[in-house]
Amino acid sequence: MRKEQFYRDKKAVKKTVAGVWLALFLALQITGCSQTADQDKAARKTEQAGGTEKESAGTEKSGAGTEKAEDTGKKESEPGKTQEAGEAGQEQSAGGSQADAKAAADQGDSVIEFKPGMPIREGVEAPDFTGELIDGTSITLSELQGKPVIINFWATWCGPCVKEMPAFERLKDDFGDKIGIIAVNCGDDAGTVKDFMEENGYTFPVVLDEGYSISMLYPTNSIPYTVVLDADGKVTHISTGALDADTMYERYKEALGV
């Protein structure tokens, strides 16, 4: 009886000990899992906090960039300052123009002078030249001073030039020695010019300028190109192109003052 009781008690003790160990093991597992979970939560909180700080820093940088852009925009969009600067520049320019005009008025006509290679302007003294006529004689522009002079630059291949030619013949016939006429042919050879004049019956003076030496004194982008001088040799009229001969006759007659 005692042996059996002993074995029963021994089994009960083993079960109890086993139960205690199982309970301790489970308790340790739960505690470990709990700590791990807490550590994971803490780590996640730390990461979230770090991300929030980074976002905040990025927001601050973005805000700073926006403020800089706004400041730059304000500086660029200050119309008052831009307008004041523009007005100041205009005032200086106007002042300079007035000063130049006053200086020109003080110096008189001498301030207006011809510069080689520059387009002719009204008011300048026409550059002098001597050219060979189709009959072999020569003509000098300055020798015609004392009467108004019309100088026409043309070519036989230029349609508008040919179209207005009768106007010069008519001016010669109507006013004779009261005016001077010089038709400067640009680039054609002597034979071509002579044939053209004879075929059309024109008798007004034509200067040959095959080498463009005279044309370069009166630069232009196109022909016909006509310059009218007063009795003192100063330019009073400049025109480019031409209409019909009758229209151009009236225009040139008015420009010559006859």
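Just the residues that are surrounded by 14 or more Cβ atoms within 10 Å (Cβ to Cβ), under 17 Å from CYS158 (Cα atoms) and over 43 Å from the mean Cα position of the chain (by Cα), please, taken from segment 196-214.
PHE196, MET197, TYR202, listed by residue number.
Can you tell me which of LEU243, LEU171 is at pLDDT 95 or above, of a type in the set (A, V, I, L, M) and in a helix (DSSP H, G or I)?
Just one listed residue meets the conditions, LEU171.
Which condition number in (1) at pLDDT below 95; (2) surrounded by 16 or more Cβ atoms within 10 Å (Cβ to Cβ) is the one that ASN221 fails?
Tallying (1) at pLDDT below 95; (2) surrounded by 16 or more Cβ atoms within 10 Å (Cβ to Cβ), ASN221 fails exactly one: (2).
Restrict the check to segment 243-254 and report whether at least one residue is without any contact (Cβ under 8 Å) to a residue 40 or more places away in the chain, among the hydroxyl-bearing types (Ser, Thr, Tyr), open to solvent by 20 Å² or more (accessible area, probe 1.4 Å) and farther than 25 Å from GLU132 by Cβ.
Yes: segment 243-254 contains one or more residues that are without any contact (Cβ under 8 Å) to a residue 40 or more places away in the chain, among the hydroxyl-bearing types (Ser, Thr, Tyr), open to solvent by 20 Å² or more (accessible area, probe 1.4 Å) and farther than 25 Å from GLU132 by Cβ.
Just to be sure before I move on: is THR240 under 25 Å from SER142 (Cβ atoms), among the β-branched types (Val, Ile, Thr) and free of Cβ contacts under 8 Å to residues at least 24 places away in the same chain in the structure I sent?
Answer is yes for this residue.
Collect the residues in segment 106-133 that are of a type in the set (Val, Ile, Thr), at pLDDT 60 or above and open to solvent by 60 Å² or more (accessible area, probe 1.4 Å), keeping them in residue-number order.
Matches in segment 106-133: THR130 only.
The values are calculated or read from the model by the stated rules, or taken from the named source; none is laboratory data. If you're wondering where the values come from, they're calculated on a predicted model, not measured in any experiment. All Cβ positions, glycine included, derive from the backbone under ideal geometry; neighbour counts span all protein chains shown. The accessibility values were calculated without ligands, DNA or RNA, using every heavy atom of the protein model including side chains. Shrake-Rupley method; radii C 1.70, N 1.55, O 1.52, S 1.80 Å.
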